Amino acid sequence: MRDVTRAAPAPDRRSFLKRTGALGAAAAVSSALSACGPESTIDFGGPGGGERTLTAVIGYGNDGSWDPTQTASAFSMAANNHLYEGLLDTDPISRKPYAALATRLPKNPGGTSWTFTLRAGATFHDGRPVTADDVVFSYDRILDPTIPTLGKNFFAGWLDEVRKTDARTVELVLKFPFPEGLSRLTLAKIMPRHVFSRPGAWDDAIKGLAVGSGPYRQTAHHPKSNTTFAAYAGYNGPRRPAFRKMNWLTIVDAAPRVARISGSSAGAQISDNIPYANIEQLRSGGLAVLGGAGMNNLFLMFNTRHKPFDDVRVRQALHHAIDTEKMVRVALKGHGTPASSFLDEGNPGYRRARTVYAYNPRKAKALLRAAGASGLKIDLLAVNVSWIVDCLPTVKASWDAIGVRTTLSPQETTAVFTKLDQKQDFQVVAAASNPNQFGLDADLIMRYNYGPANLWMGYTRWADDPIAQALFRDMDRATREPDPQRKKTMIQDYIDVVAEQAVLYPVVHNELMTAWDPRTLTGTKAQPYPGINLLQAKWL
């Protein structure tokens, strides 16, 4: 058995952001995008349904990476769920797996070998058949120890290899029984070898080249503007396209995003990332506005090589000092919850942590005194995401109140992480995170943020700490534990360590709001993570 998890070199943050989607693509995609496949001949029904274009507004940029093995971009991850398929995919809300390119779920989820037969007649958007070679090609890239893919974090610890059995059959060989892995297979989108094995094709994927086997094909991609889709006539899978065409607009600024879906000039039928201040306005205009509560959070990240933040008492003090109830009430307009664990309270693996940072300025002052941290001054480096910026005044007021003189420094996300990449000194960072984009299982969520070669741990300078080393061993033992209840307890136990240490830890979990026109759309649900999923929506 090979262990490729630790063998992969850690990428610098700037190259990571370029690949995962937090940096813009440098150029538009080639004309090959519009040459993929014929116009759909599916009968869409409904009054005017055959000609109408579904217009969606996404509150995140479309100029991040579109490479499914690398991206963490909200826009491209949502789009890729419509363009690509995994062997199995998952319901966008329950995250339960269902057969996508594969014909069925494995008979023995608890085994160390899963065999999948590909759906007969499945083709990519250029008309070429999907084969076992494409499956092996896609997984080999994810597991390649020389390529630091984001997907490796979610597969390499338990998946040993993927073998071709025949032209339409593959075998996944596991290192140990790991039934939770079934829901992760949706993260391994099957990509055509004949397209992405070409020189330069992975760079094209970063810029927006997308050729999958899903119900929609990409017809045009304009970074910082919009991406368009058409129903793929050759699709024969379980999620039939309901819209002949779709136009997804990227509108990051809140005011124009709200304007595009509201009022007499509304040109869109659905939008994610709705500001809390506009909820009632949109509802009064006849729109459905619903929220999804999950892992979305504001977290604090400390530089443990910068004194006094190497002292756990200082980190704990600064968490205890924050008036999180006020933050939820004022900044989040009630659409949030103070963190009582690294996981949100709705997560199946949630247990209230042994250490909970209830607002307690007296305790915060006592912890600072015990640590000898008097006269502390903090320059809080923060990303300028709108709802994070709304929360920052509460942090400053809370820290100022316990004698910590605080300066707020919100900056562009890329500027913040460029400084971290360059290993510039910092004290504390405030930023946003939502691992629910990848799934719900606690092992996956924790490995997104913690691990010996994890990018975040590199920023905190904490990975070599003896407590961190013990934590990583506990994480590995929990992953390998075969008993589900015992595994759950082991994860909850090591989350208690994460809570106590507060090296990278959430302050609040907040709700994400989605709005749509219920007079034209049905089957739509609000997700607890960025983006939209229209695979079960249709014209009313």
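The values are calculated or read from the model by the stated rules, or taken from the named source; none is laboratory data. Fair warning: this is a prediction, and the values are worked out from it, not measured in the lab. Quick reminder, even Gly has a Cβ in these numbers, built from the backbone with ideal geometry, and neighbours come from all protein chains shown. To get the accessible areas, we keep the full protein, side chains included, count just its heavy atoms, and leave off ligands, DNA and RNA. Shrake-Rupley method; radii C 1.70, N 1.55, O 1.52, S 1.80 Å.
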Discussion item. For the structure I just gave you, tell me whether THR227 is polar (S, T, N, Q), closer than 23 Å to ASN62 by Cα and crowded, with 20+ Cβ neighbours inside 10 Å.
Written reply: yes
Practice prompt. Hey, can you tell me all the residues within region 211-257 that are part of a loop (DSSP other than H, G, I, E, B) and within 30 Å of ILE388 (Cβ to Cβ)?
Written response: PRO223, LYS224, SER225, ILE251, VAL252, ASP253
Discussion item. Among (1) without any contact (Cβ under 8 Å) to a residue 60 or more places away in the chain; (2) open to solvent by 20 Å² or more (accessible area, probe 1.4 Å), there is one condition ALA201 misses while meeting the rest; what is its number?
Written reply: (2)
Worksheet entry | Candidates LEU182, LEU172, LEU187, filtered to the one that is in contact with a Phe, Trp or Tyr (Cβ under 6 Å, 6 or more places away or on another chain) and over 22 Å from ALA453 (Cβ atoms) | LEU172
Worksheet, complete the sentence: Expected single match for of a type in the set (Phe, Trp, Tyr) and more than 30 Å from ARG257 (Cβ to Cβ) among TRP456, TRP387, TRP462 is TRP462
Discussion item. Quick test of your reading of the structure: SER40 fulfils all but one of (1) at pLDDT 95 or above; (2) open to solvent by less than 10 Å² (accessible area, probe 1.4 Å); (3) among the hydroxyl-bearing types (Ser, Thr, Tyr); (4) farther than 30 Å from THR115 by Cβ. Name the failing condition by number.
Written reply: (1)
Fill in: Identity of the residue in region 382-398, closer than 13 Å to VAL507 by Cβ and within 18 Å of the chain's Cα centre (by Cα), that ends up least open to solvent (accessible area, probe 1.4 Å)
ILE388
Item to complete: Please determine, by comparing only the residues of region 92-116 that are open to solvent by less than 50 Å² (accessible area, probe 1.4 Å) and without any contact (Cβ under 8 Å) to a residue 60 or more places away in the chain, which one is nearest to the chain's Cα centre (by Cα).
Response: ALA102
Discussion item. Would you confirm, using the coordinates I've provided, whether ARG447 is open to solvent by 10 Å² or more (accessible area, probe 1.4 Å), basic (Lys, Arg) and closer than 26 Å to ARG313 by Cβ?
Written reply: no
Practice prompt. Read through the list (1) of a type in the set (Asp, Glu); (2) open to solvent by 50 Å² or more (accessible area, probe 1.4 Å); (3) in contact with a Pro (Cβ under 6 Å, 6 or more places away or on another chain), then give the number of the only condition that GLU161 fails.
Written response: (3)
Worksheet item: Are there any pairs with C-beta distances below 6 angstrom linking a residue in region 141-163 that is under 20 Å from SER183 (Cβ atoms) and free of Cβ contacts under 8 Å to residues at least 40 places away in the same chain to a residue that is in a helix (DSSP H, G or I) and open to solvent by less than 10 Å² (accessible area, probe 1.4 Å), with the two at least 6 apart or on different chains, and if so which?
Response: PHE155/ILE142; VAL162/TYR139
